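Just below is one structure, and these are the notes that go with it.
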Amino acid sequence: MSAVLDVVAAVLLPTGAVFCLLGAVGLVRFPDTLSRLHAAAKAQTLGLLLILLGTATQVPARYALVLILVALFQLLTVPVTGQIVGRTAYRTGAVHRAGLVVDDLGRRLERDGEREQERENQGWERAREEPDREQGRETGGREREDDAS
């Protein structure tokens, strides 16, 4: 059984290392932010998972549990980080939008922008109405003082 685990580790560890290397090369070579994010997220994650799996076959079971936790942490954090970096790149103009096949985020931001514009317009209308109301109160108060004298 030990020989089989050695063969599995001998396959998984170099394969994971190759995926990590390809992810690093893609990070350097790809032209735009979204392609680089893809290389960093997909290839690096797969490479790390293969390395962790290969390592888990060679260590005692109590250490394998720690490696599984590292793998879960990687699987949970990489998509969230990629999403945040991608949205930031999109909003700052680092993404070439003409190259996108489907631009769901652009449509959503336009829709949210229109809603925000409507809120601002309503806010300005309210702000214009409030001084008129306050002036009426002040004038009413002055007239009462004038009537009293």
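The values are calculated or read from the model by the stated rules, or taken from the named source; none is laboratory data. Predicted model only: the values in this text are computed from it and were never measured. We place every Cβ from the backbone using ideal geometry, glycine too, and count neighbours over all the protein chains shown. Protein only, heavy atoms only, side chains kept; ligands, DNA and RNA dropped before computing areas. Shrake-Rupley method; radii C 1.70, N 1.55, O 1.52, S 1.80 Å.
Exactly one residue out of VAL78, VAL85, VAL95, VAL101 is within 30 Å of PHE30 (Cα to Cα), open to solvent by 100 Å² or more (accessible area, probe 1.4 Å) and either of a type in the set (Asp, Glu) or at pLDDT 80 or above (or both): that is VAL101. Evaluated against (1) of a type in the set (A, V, I, L, M, F, W, C); (2) surrounded by fewer than 16 Cβ atoms within 10 Å (Cβ to Cβ); (3) modelled with pLDDT of 95 or more, LEU13 falls short on exactly one condition, (2).
So the check is Cβ under 8 Å with 6+ separation or different chains; which pairs have a first residue in region 44-73 that's under 15 Å from ALA9 (Cβ atoms) and a second one that's basic (Lys, Arg) and open to solvent by 90 Å² or more (accessible area, probe 1.4 Å)? As it stands, the answer is none, since no pair meets every condition given. Count of region 63-84 residues, restricted to those that are in contact with a Ser or Thr (Cβ under 8 Å, 6 or more places away or on another chain) and within 12 Å of LEU37 (Cα to Cα), is 1.
Please find, among LEU34, LEU67, the residue that is open to solvent by 50 Å² or more (accessible area, probe 1.4 Å) and modelled with pLDDT under 95. Break it down stepwise before answering.
On the way: LEU67 fails: open to solvent by 50 Å² or more (accessible area, probe 1.4 Å).
Of LEU34, LEU67, the one residue that is open to solvent by 50 Å² or more (accessible area, probe 1.4 Å) and modelled with pLDDT under 95 is LEU34.
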